[in-house]
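Trainee: Before I ask anything, here is the structure I am working with.
The values are calculated or read from the model by the stated rules, or taken from the named source; none is laboratory data. Owing to the predicted nature of the structure, the values given are computational and were not obtained by experimental measurement. So basically every Cβ, Gly included, is an ideal-geometry build from the backbone, and we count neighbours across all protein chains shown. Ligands, DNA and RNA are stripped out before the accessible areas are found, and what is left, the full protein with its side chains, is counted by its heavy atoms. Shrake-Rupley method; radii C 1.70, N 1.55, O 1.52, S 1.80 Å.
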Amino acid sequence: MIVERYLYHSGKWAGKDNQALDPDSVQLILAFSAKEHLLKDDCYGDLRKMFPNAEIVLCSTAGEIFDTEVYDNSIAVVAIRFSTTLIKTRSITITEGESSYDAGLRLLESFPKEDLTAFLVLSDGSKVNGSELTKALNHIATKNVSVTGGLAGDGNRFKDTLVGLNEQPREGVIAGIGFYGPDLKVSHGFGGGFETFGLEKKVTGSKANILYEIDGKNALELYKKYLGPEAELLPGAALLFPLSVTLPETGEQVVRTILSIDQEEGSMTFAGDIPLGANVRFMRANFDKIIFSAGSAARQALAMHKEVPQLALLISCVGRKLILKDRTEEGPEAINDVFGGKTPIIGFYSYGEIAPLLQHGPCSLHNQTMTITTFYEAE
């Protein structure tokens, strides 16, 4: 497996790894870009000219990760050539299914299952319900098949996001990449860093990702009470105070970020579903723990397979970036330290992260996390 990374920034392209990779031999291109470039520039056309035989996946972001640095308004690209591993790619639009769950199932049906080792999904982050999508993806998540990925971003605007597979990226697209063969080892990890406070409460009024009532009380008013003076800074302050949700069906604990609030309705809209009957606790940011959790995610991935990864794909929540500000790069730096500076790093900031909670468990939608997917192909 050979990888080579490229960064478009300040009007010019620059290579990083200088491995003299033959462009005609590249099988897979992952390109993470500020939406402005995908709208104004022919990013796909340029990459197609550079890599004529590759499967090309493009995804809009809320920030790009290249090595240990974090960029805005750039394009971070990784070109991959495998030795024995085969890849297959498919995409679907949300309008082709009756729901995000149905679209996810239809996408999976287009992939052969024999010899499948790992599945990576890059999805629209504004029109697709990430919780429903991950439920569908878990139809293939097994001990032998890891499922990871993330939802596209749009900076801090939270509007339209773009994804494309072998075409100019557009809204509503879900792209899947299947990796086939016994030689590829894919590991994963995730870390949070937020801490809970206050008593556990129960969701008594919700619909999909909209929360209306907690313990029979107006959710927004209760949320404001817990925030105290910070409530005056809503909705921006919501990124500092996500919600810990214990899912009633599985007992899994996930973090949900607030995307918007409705003052008149007294409701809050989250980046993932808030099921009726779920137990919830309020959370707050702990800067040092957020940074430490990035290194913890890398250690989880390294523990699954002892080999130093040949590539690390980082997908992290935009909320972490907005909270950490000038300390944002400490997360990728912590990950680089765990890998001994020997692993190429690339990734993006997202509107939702997809990764298993357990080493060989089903995947879940996460918010406010740093997730890592690592790749190592045996010779």
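Trainee: Tell me which of Leu302, Ile87, Gly228 sits at the most positive position along the dipole axis of the chain, charges placed on C-beta atoms (Lys, Arg +1; Asp, Glu -1).
Mentor: The residue sitting most towards the positive pole is Gly228.
Trainee: What is the percent carbon and sulfur in the accessible area of the chain, measuring with a 1.4 Å probe over the protein chains and ignoring ligands?
Mentor: The value for the chain is 48 percent carbon and sulfur by accessible area.
Trainee: Using the charge dipole of the chain (Lys, Arg: +1 at Cβ; Asp, Glu: -1 at Cβ; taken about the Cα centre), state which of Asn129, Phe194, Thr68 has its Cα farthest towards the positive end.
Mentor: Phe194
Trainee: Something else about it: Taking H as built 1.01 Å from N, whose amide H comes closer than 5 Å to the amide H of Leu365, not counting residues under 5 places away?
Mentor: For Leu365, whose amide H was placed from the backbone, there are no distant partners under 5 Å.
Trainee: Distance between Cα centroids, the stretch 201-242 to the stretch 47-77: provide it in whole Å.
Mentor: 36
Trainee: Give the residue from Tyr351, Leu314, Gly331 lying farthest towards the positive end of the charge dipole for the stretch 251-379; charges sit on Cβ (+1 for Lys and Arg, -1 for Asp and Glu) and the dipole is referred to the Cα centre.
Mentor: Of the listed residues, the answer is Gly331.
Trainee: Provide, in order from the shortest bin, the percent of all Cα-Cα pairs of the stretch 1-81 in each 10 Å bin, continuing until the bin that contains the maximum pair distance.
Mentor: Reading upward from the zero bin: 19, 56, 25, 0.
Trainee: With Rg and Dmax of the Cα atoms in Å defined as stated, name the option among [x] 21.4, 79; [y] 26.5, 110; [z] 19.7, 63 computed from the structure displayed.
Mentor: [z]
Trainee: Quote the charge dipole size of the stretch 52-194 about the Cα centre in Debye, to the nearest 20; the model charges only the Cβ of Lys and Arg (+1) and of Asp and Glu (-1). Don't skip to the answer; put the middle values down first.
Mentor: Numbers: 12 positive and 18 negative charges, 61 e Å.
Computed about the Cα centre, the dipole is about 300 debye.
Trainee: Run the helix sum for the chain: -39,500 (n - 2.57) per DSSP H stretch of 4+ residues, divided by residue count, reported at 222 nm to the nearest 500 deg cm²/dmol.
Mentor: Rounded to the nearest 500, it is -5500 deg cm²/dmol.
Trainee: With the cut-off at 21 Å, tell me which of the pairs Lys159/Lys321; Lys16/Lys306; Lys127/Lys207 have Cα atoms farther apart than that.
Mentor: Numbers: Lys159/Lys321 17 Å; Lys16/Lys306 25 Å; Lys127/Lys207 16 Å.
Violating the 21 Å limit, Cα to Cα: Lys16/Lys306.
Trainee: Which helices, taking whole DSSP H runs in the chain, have alpha carbons extending 24 angstrom or more along the helix axis plus mean Kyte-Doolittle at least -0.5?
Mentor: 287-304
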